[in-house]
Amino acid sequence: MSLAKVFPPKSEILFEQYQKLYRQSIENPKEFWGNAAKEHVDWFRPFDKVLDGGFEHGDVRWFEGGKLNISYNALDRHNPNDLALIWEGDEPDDIRKLTYGEVLRKVCKIGNALLRKGVQKGDIVTIYMPMIPELAMTMLACARIGAVHSVVFAGFSAEALGQRISAAKSKIVVTADVGRRGGKTIGLKDIVNDALTKLDCNSVIEHVMVWERFYNAESSASPPYEMKDRDIRMDPLVAVQRPYCPPVHMDSEDNLFILYTSGSTGNPKGLVHTTGGYAVYAKMTTQVTFDLQPGDVFACVADCGWITGHTYVVYGPLLNGSTSFMFESTPVYPNEGRYWDMIQRHKITQFYTAPTAIRLLMRYGDEIPKKYDLSSLRVLGSVGEPINPEAWRWYYEVVGRSKCTVVDTYWQTETGGHIITNLPGITPMKPGSCTLPFYGIDTVVLCPTTGKELTEPDENGNFQGVMALKSPWPGMARTCLGDHERFLTVYFKPYPGYYFTGDTVSRDKDGFHFIIGRMDDVMNVSGHRIGTAEVESALVAHPAVAQAAVVGKPHEIKGQSICAFAMLTAGYEESPELIKELRGSVRSEIGGFCNPDLIVITPSLPMTRSGKIMRRILRKIVCGEIDSLGDTSTLADPSIVETLIEKVEKL
Ligand code: WTA
């Protein structure tokens, strides 16, 4: 990485201050986080201990003895007249603005409605909703009464939703009649109905609570969808509740939410986040990474179905008393200027999106963003995958007019908030690098074979290896719901003494991190984290498929695209109809966002003699890197490689 690419901070003094504070936070984490927790969060009862437990048993706990409520911190303590949410729906003229006072009263009413229907502290409430303000408010209402929310992205299919409801043993599902995206209407309530027919017999759904997008108390005598006994209309129920609901005094380590994410197996992991540590971490990272100032309009255009939406649409901005901008639509609806138009109209100060969206919009040329007044912007954020220097420069120069900071924030569902990122005006920027660790985050690069910290740089002066963390931080997930062993196996056992991120990194001589990509079987497609095993099991769910192997292939806009290889069951023949059916199977088992770009029907798969599929070879074949296939002699049938190369070339 040449020095010419470095954008120095505005002030060297601030950079030195960062380095000093960073060192202190690592040398004395208890003092650092103890102070941070007192500064950023209001506690009903002060905590007795900053940190206890560790990685070995995965029994980390932060701020023990402390009592708090995150909805209280996000709502009650702010000026009720300030704007909390600006929402823009699918259509650009569909706008709602809600003050902190209005949000607090509605959250209280929703909390009371949930209590009324029997939801108790610790119950898991599944939320399957479009990006409307009621989604954020339902999450906050759960937190207010001590219920644990499990938001399932509304792009997931009935099958995937049902699986997540069963796994969480959720008794309540909150949904909406419809969602809207890109001018299309999606019948979410119908999908929930469908999901509930697929639950295993141990699941008992007591209520499905339905928000109605176009509810009108005067005109809607009967709901516009099929009502079942278990269904409850949310709008009229909420309307009659008391607009105050006392916040439950939660223990710092009481569960706040679970969020399912993809890993190496087909079975999604329900990561558990707890209250105190997450509140401190969400509050502080939002403020520091985005240089939040009073009066800012902070726009994170992620969906609340993912961790980015949890931390940087709902909790982070509201804990800071900022105005959070919530967006339902897509970057290209009704046209490719949508983001820029919103920035201009709402005077957005921070804009946070994924590289895949930047690359997509870059394709439409510089003229489109140039038409808009983007002078309100101060910080541009990137998240979800490495941002290539070309997209970085476009974001910086064309969107930010070379005046804004681009923060490349590296983190994961598991980490709760940013763990590596530059800080506006404080740390230097290097395009393509997420730069330096956040305070209190002790990053290390491990040798993949020995598991030891690398001490010798490679010939380019870089340290390349496994991205790992050496000590706990408040925002980290605490367990996998109902399977603590899995939590230990995935994150702490691969490299004892460290938290294993699953990513490969290259750290340069200045200590700057360049994330290379996942080491495990997780793909990153248009900012969505998708397990190869999930797509494989969706394909095998079709009777025609005997065995499937899925790999990711680099894609100019999406980051990666999904390439699937399927071996057919005897009696089935390859045909365009079958390929269509297989796509249908992926759509119905997981969701349309996992549609493979390529499906290759093959007589067999490259397997070792012990039956292990060699995905490495498939990856090389789809990338056209057939000169560097490596050793294929361990394959049970090496001739399959030729067949596959021919097939892929023809497609
Ligand atoms: C990748 C999203 C490079 C990484 C917040 C990680 C990134 C996975 C970046 C987590 C970044 C996220 N640069 N790679 N700035 N941010 N990733 O759980 O591979 O959906 O492990 O969380 O996204 O994805 P997840």
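The values are calculated or read from the model by the stated rules, or taken from the named source; none is laboratory data. Computed from a predicted model, the values in this text were never measured in an experiment. Ideal geometry is used to build each Cβ from the backbone, glycine not excepted, and the neighbour counts take in all protein chains shown. SASA here: full protein model, heavy atoms, side chains in, ligands and nucleic acids out. Shrake-Rupley method; radii C 1.70, N 1.55, O 1.52, S 1.80 Å.
Dipole check for the chain: with +1 at the C-beta of Lys and Arg, -1 at the C-beta of Asp and Glu, and the Cα centre as origin, the magnitude is about 1080 Debye. Short-range pairs are left out: with C-alpha atoms under 8 Å and at least six residues apart, the relative contact order of the chain is 13 percent. Peptides 568-580, 86-98, 140-152, 388-400, ordered by how many other C-beta atoms sit within 10 Å of their residues on average, highest first, read 140-152, 388-400, 86-98, 568-580. Given their separation in residues at 0.36 nm each and the Cα-Cα distance between them, Cys623 and Lys184 gain 154.6 nm when the chain is fully extended.
At a Förster radius of 56 Å, what calculated FRET efficiency corresponds to the Cβ-Cβ distance of Ser375 and Arg242, to the nearest 0.05? Plugging the Cβ-Cβ distance into 1/(1 + (r/R0)^6) gives 0.80.
Annotation: amide H of Asn69 within the under-5 Å range of Phe44, Met250, sequence separation 5 or more or interchain, hydrogens built in the peptide plane. Taking a ≥ b ≥ c as the square roots of the eigenvalues of the Cα gyration tensor of the stretch 526-650, is the shape rounded (a/c under 1.5), prolate (a/b larger than b/c) or oblate? It comes out oblate by the Cα gyration axes.
Binning all Cα-Cα separations of the chain at 10 Å, short to long from zero, yields these whole-percent fractions: 3, 15, 26, 28, 19, 7, 1, 0.
When a/c is below 1.5 the answer is rounded, else prolate if a/b is larger than b/c, else oblate, so apply that to the stretch 337-384 with a ≥ b ≥ c taken from the square roots of the Cα gyration tensor eigenvalues.
Values: a/c = 2.16, a/b = 1.11, b/c = 1.94.
The shape class here is oblate.
The modelled label-to-label distance between Glu577 and Arg363, using points 7 Å beyond Cα along the C-beta direction, is 3.2 nm. Between Ser219 and Met519, the FRET efficiency from the beta-carbon distance, with R0 = 41 Å, is close to 0.15.
Tell me which chymotrypsin sites (Phe, Trp or Tyr not before Pro) from the stretch 11-51 have a DSSP coil assignment and no more than 13 other beta carbons within 10 Å of their own. If you can, show how the numbers build up before the last one.
Working: sites: Phe15, Tyr18, Tyr22, Phe32, Trp33, Trp43, Phe44, Phe47; in loops: Trp43, Phe44, Phe47.
Those that pass, being in a loop and sparsely packed, are Phe44.
The phi-based Karplus calculation (6.51 cos²θ - 1.76 cosθ + 1.60; θ = phi - 60°) puts the 3J(HN,Hα) values of the stretch 433-446 at 10, 7, 6, 10, x, 5, 3, x, 9, 9, 7, 9, 10, 9 Hz, whole numbers, x for Gly and Pro. Sorting 494-506, 416-428, 272-284, 639-651 by their mean Cβ neighbour count within 10 Å, with the most densely packed peptide first, gives 272-284, 416-428, 494-506, 639-651. Its relative contact order, with pairs defined as Cα atoms under 8 Å and 6+ residues apart, puts the stretch 526-650 at 22 percent.
With a Förster radius of 22 Å applied to the beta-carbon distance between Arg609 and Ala546, the computed FRET efficiency rounds to 0.70.
In the chain, the portion of solvent-accessible area held by carbon and sulfur atoms comes to 50 percent [1.4 Å probe, whole percent, DNA, RNA and ligands not counted].
In a simple Cβ point-charge model (Lys, Arg +1; Asp, Glu -1; nothing else charged), the stretch 526-650 has a dipole of about 400 debye relative to its Cα centre. In this simple spin-label approximation, Arg616 and Lys403 carry label points 7 Å from Cα along the Cα→Cβ vector, and these lie 5.1 nm apart. Per residue, the chain exposes an accessible area of 39 Å² to a 1.4 Å probe, with every protein chain left in place.
For the chain, the mean residue ellipticity at 222 nm estimated from helices alone is -8000 deg cm²/dmol, where every DSSP H run of n ≥ 4 contributes -39500 (n - 2.57) and the total is divided by all residues, rounded to the nearest 500. The GluC sites (Glu not before Pro) found in the stretch 18-75 that occupy coil by DSSP, while having at most 12 further C-beta atoms within 10 Å, are Glu56. Site pair Thr197 and Asp42 shows an inter-label distance of 4.9 nm when each label is modelled 7 Å from Cα along Cα→Cβ.
Only Lys, Arg, Asp and Glu count, each charged at its Cβ (+1, +1, -1, -1), so figure out the dipole size of the stretch 9-107 about its Cα centre, rounded to 20 debye. Please list the in-between numbers first.
Numbers: 14 positive and 19 negative charges, 93 e Å.
For this selection, approximately 440 debye.
Structure note, pairs Lys117/Lys198; Lys30/Lys171; Lys5/Lys370; Lys470/Lys620; Lys553/Lys612; Lys106/Lys558: Cα-Cα distances above 27 angstrom occur for Lys30/Lys171; Lys470/Lys620; Lys106/Lys558.
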